[in-house]
Amino acid sequence: MNKAITDGLIFMPPPFIDGLADWSSEDGTPGSASYDVAANAALVASDPDFGPCLEVQKTTALQKLRYMGDTPVLPGCYLQVTIRFKVLSGLFPSFRVAGWAGGPGGAQVTGLDETGPELLPDTYGRIYSVSAIIGTGERTGVDMVWGTEPVFGHFGLDMTGDDGAVVRIESVRIEDKTSIFHRKLMGWVDVRDYGAVGDGITNDRLAFLAADADAQGREVVVSEGQYFIGSSMTINSPIRFEGQLTMPAWARLLVTSNFEYKTYEAAFGNEREALTRALSALFNYTDHESLDLGGRRIQLDAPIDVHAAVGNKNNFGNRRVLLNGQLEATASSNWDTVTVNSTASYSTSSSKTLSNVTNITNIAIGSLVSGNGVGREVYVAAKDDGAGTITLSQALVNPAGSQSYTFERFQYLLDFSGFDGVSRFQISNVEFACLGRCSGVMLPRTGYAWHIRNSWFLRPKDRGLTSFSQGCYGMSVYNNEWYSNEYNTLAQDRTTVAFNSNANDIKVRGNVAVRFAHFGVMASANHIITTNHIWQGDSAAVGSRTAGIVFTSRNCNSVITGNYIDNCFLEIANEHTNWKNVGAAALAFGALSITGNIFVVSNVAAWFSYLRLAPYGNGHNIDGIAVIGNTFKTLGSDTIEKVDSVDTSNGSFNHSVTKNVAFKGNNFVGVSKRTENPACIKLTQSAANTAWSYSHADKVPFGGEVRSVSSWSANGPIRNGSNTITYDCPYFSTGLGAAGDAIEVNWSGARKGMIHLELRCDLAA
């Protein structure tokens, strides 16, 4: 039965947005004061949680809100008043549904209970709800038993206790809930009608299953109580939780009809447990591919171990999606980094293994490894406690045979490291509010085609997204916002990294990253990096800068196109390959295309450069680097010398074998020496000489040599010492001088004039 339907009665008050003249700050009776002109109340047109709503400041010991319209109270009709609210500031008051009972003729019916249960909130910005049921009969669940004398009521909200709070209130809902007390006529079943006890001790699982089986499309209602469910349970009907569940940690609740986070939060009453249980169900039920967080902020005081939550799988390959919400780290020692110091042995014959590892039982999988000869973003991928060995995510550069190492295990909001493999997992529109307390997401050991998109990584303490092994193959990182916890730290002192990768085929598109030590540290090859904005400046007058993108594979076979690279640089290194392996067969530094990017820098020393090669070991070669159509701009009055450089602190290049370098079509602003290859230069000889000398110093890409003159032409006549025009052809000597960047133009006799030359630093393949 529902009187709104059967009799056309109107119980629902108008929304606040229609005006406040109908809303009283007293009992709601005619002539009582309204909020229409109250100084402590205002309409809010668009609250992110409620939409249009009422904002009130509590100014009296008992702050009332009543609908001044007459809400009918009829025999056998049970009304539920529900009010959602949130506290924005001030001391927390208590909240309760309240009413004023009116009899025939408008007089108050006295001696009745006119208030519902009280709720004292404790978190600003969190949405709370109070409700009460008003009815004529004394039934279980009726909060205000009014009998048959009242014929109408003025319903609303009471705020009691301390003054000063600022509260936002969603429009009041008054609904006919007679169906709760007349189940046979309603479209739902109650688990208590099937034997559920709800005492928190009795196993009510069979009662739930019986209600589900009998529902036949109706809703299963879990009325007030604490229900113990002793093992895993699947509910196929729509289900609504008024009471809550307790289950063993290993048991799973699979809700197949209304599978979403809010269902699990209602079922378990705890945000952390709700998310853990919902993730478990996501990996165990095939009819739902997505877990919708419903825009909720979920506060966590410890990492979610997703593998432990799922409990029954080490590998998973079906597409699954986590979307639409916020995970927020609260203050807790559970986020503390676990640091272990150890000694271990290393041999280049087993380049990804540490042996004879002391204290190995205390070293966690996924720990970041540091020590002499350890490159950036090297992690513990696996370990064997019995054998005393650790498998590393990448080879080391040149450590001692036996030395000390430090292992740091960061803590992540979502930690997938317990899985051997998870593929095709997608995170969409999720904010990871690390708030300087923890890191964001750790990927599984292996897996492919993860999508991280349209999400926010807010102030990760150490890392935003971590691949500790090979779990990032084919990963796509699209349209995310990354904000560092080290915004006010000088660039050279930062330690946070937005993301790293260890496998091939990473796609990084449309991201914004602000003030990390590095935006991305990318091993392996075949990456596509487009349309990102990477900003890593600081407030120093003459500041250092760090790499925005680091390629740790010298032959990365990648594309960097259309990015805004702001106060940082690109670095290509080989720090994940032992440096003693350099030789004729070693892969070249190259297979990299850098096109159409905007490079900007300010407040830096003249030696700053945007493109840096960092070889480990001597004798490396360059083959296949294209730097085309970029804009390099130094802001302000400062200038830099050159846009490219080589870090020679750990190795060098053999420039005599450089091949296939294109450095052309770029724009330079505030750059003293414009790098080009091929380089078109003008050489003028005023006095006749058989050898014309020219130095192309510091203009050859990456400190290379002038290897050839690919073309030349005379600009006007070439004359001899007698000023007679000659028509002979010179030959060219290249690679001269200590740096190999000088040439000579050699004539058959003394000549003078002007020629144009096209110089190249590379040789034909």
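Listed values, structure above:
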{"quantity": "Of all residues in segment 492-524 being at negative phi and among the basic types (Lys, Arg), the one that is surrounded by the fewest Cβ atoms within 10 Å (Cβ to Cβ)", "calculated": "LYS507"}
{"quantity": "Which listed residue, of ILE534, ILE572, ILE560, is modelled with pLDDT of 95 or more and over 22 Å from LYS664 (Cα atoms)", "calculated": "ILE534"}
{"quantity": "Any hit, segment 324-336, residues being touching a residue at least 24 places away in the same chain (Cβ under 8 Å), farther than 30 Å from GLU260 by Cα and surrounded by 14 or more Cβ atoms within 10 Å (Cβ to Cβ)", "calculated": "no"}
{"quantity": "Condition check for ARG554: under 26 Å from THR634 (Cα atoms) and either basic (Lys, Arg) or not assigned by TED's automatic domain parsing to the domain that holds GLY624 (or both)", "calculated": "no"}
{"quantity": "Listing of strands (runs of 3 or more DSSP E) fully contained in segment 354-414 that carry 3 or more residues being among the hydrophobic types (A, V, I, L, M, F, W, C) and under 28 Å from SER280 (Cα atoms)", "calculated": "380-384"}
{"quantity": "Residue in segment 115-149 that is surrounded by the most Cβ atoms within 10 Å (Cβ to Cβ), counting only those that are assigned to a loop (DSSP other than H, G, I, E, B) and of a type in the set (Ser, Thr, Tyr)", "calculated": "THR136"}
{"quantity": "Residue match in segment 698-709 (condition: out of contact with any His (no Cβ under 7 Å at 6 or more places or on another chain), surrounded by fewer than 18 Cβ atoms within 10 Å (Cβ to Cβ) and not in a strand (DSSP E or B))", "calculated": "yes"}
{"quantity": "Enumeration of residues in segment 299-346 that are closer than 22 Å to PRO248 by Cβ and among the aliphatic types (A, V, I, L, M)", "calculated": "LEU300, ALA302, ILE304, VAL306, ALA308, ALA309, VAL310"}
{"quantity": "Any chance SER89 is within 26 Å of GLY161 (Cβ to Cβ), in contact with a strand residue (DSSP E or B) (Cβ under 6 Å, 6 or more places away or on another chain), loosely packed, with under 14 Cβ neighbours inside 10 Å and not acidic (Asp, Glu)", "calculated": "yes"}
{"quantity": "Selection count, segment 78-99, where residues are more than 33 Å from the chain's Cα centre (by Cα) and small (Gly, Ala, Ser)", "calculated": "3"}
{"quantity": "Those residues of segment 194-236 which are in a loop (DSSP other than H, G, I, E, B) and in contact with a Ser or Thr (Cβ under 6 Å, 6 or more places away or on another chain), in sequence order", "calculated": "ASN236"}
{"quantity": "Matching entry among ARG376, ARG453, ARG463, ARG459 (being on the phi > 0 side of the Ramachandran plot and of a type in the set (Lys, Arg))", "calculated": "ARG459"}
{"quantity": "Filtered residue count, segment 237-252, keeping only those that are in a loop (DSSP other than H, G, I, E, B) and either out of contact with any Asp or Glu (no Cβ under 8 Å at 6 or more places or on another chain) or over 16 Å from ALA210 (Cα atoms) (or both)", "calculated": "8"}
{"quantity": "Any pair with Cβ under 6 angstrom, 6 or more apart, that starts in segment 720-749 at a residue that is not assigned by TED's automatic domain parsing to the domain that holds ALA691 and ends at one that is at pLDDT 95 or above", "calculated": "none"}
{"quantity": "Filtered residue count, segment 654-670, keeping only those that are buried (at least 20 other Cβ atoms within 10 Å of the Cβ), within 36 Å of the chain's Cα centre (by Cα) and β-branched (Val, Ile, Thr)", "calculated": "0"}
{"quantity": "Residue match in segment 506-520 (condition: closer than 19 Å to VAL646 by Cα and either touching a Ser or Thr at 6+ places or on another chain (Cβ under 8 Å) or in the same structural domain as LYS659 (by TED's automatic domain parsing) (or both))", "calculated": "yes"}
{"quantity": "Residues of segment 614-634 classified as of a type in the set (S, T, N, Q), under 11 Å from ASN654 (Cβ atoms) and buried (at least 23 other Cβ atoms within 10 Å of the Cβ), total", "calculated": "0"}
{"quantity": "Scan of segment 415-451 for residues that are outside any strand (DSSP E or B) and over 30 Å from ALA331 (Cβ atoms), ordered by number", "calculated": "ASP420, SER423, ARG424, ARG445, ALA449"}
{"quantity": "Some residue of segment 678-692 being under 23 Å from ILE565 (Cβ atoms) and modelled with pLDDT under 95", "calculated": "no"}
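Each row is one residue, and each column tells you yes or no for (1) part of a strand (DSSP E or B); (2) of a type outside the set (Val, Ile, Thr); (3) closer than 23 Å to PRO615 by Cβ.
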position: VAL508; (1), (2), (3): yes, no, no
position: VAL521; (1), (2), (3): yes, no, yes
position: SER524; (1), (2), (3): no, yes, yes
position: ILE529; (1), (2), (3): yes, no, yes
position: ILE534; (1), (2), (3): yes, no, no
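For (1) in contact with a strand residue (DSSP E or B) (Cβ under 8 Å, 6 or more places away or on another chain); (2) under 21 Å from ILE298 (Cβ atoms); (3) crowded, with 24+ Cβ neighbours inside 10 Å, each residue gets a yes or a no:
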{"position": "LEU435", "(1), (2), (3)": "yes, yes, no"}
{"position": "CYS438", "(1), (2), (3)": "yes, yes, yes"}
{"position": "MET442", "(1), (2), (3)": "yes, yes, yes"}
{"position": "ALA449", "(1), (2), (3)": "yes, no, no"}
{"position": "ASN454", "(1), (2), (3)": "yes, yes, no"}
{"position": "PHE457", "(1), (2), (3)": "yes, yes, yes"}
{"position": "LYS461", "(1), (2), (3)": "yes, yes, no"}
{"position": "PHE468", "(1), (2), (3)": "yes, no, yes"}
{"position": "TYR473", "(1), (2), (3)": "yes, no, no"}
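The values are calculated or read from the model by the stated rules, or taken from the named source; none is laboratory data. Quick caveat, the model's predicted, so the values are computed rather than measured. Heads up, the Cβs are rebuilt from the backbone with ideal geometry, glycines too, and the neighbour counts pull from every protein chain shown.
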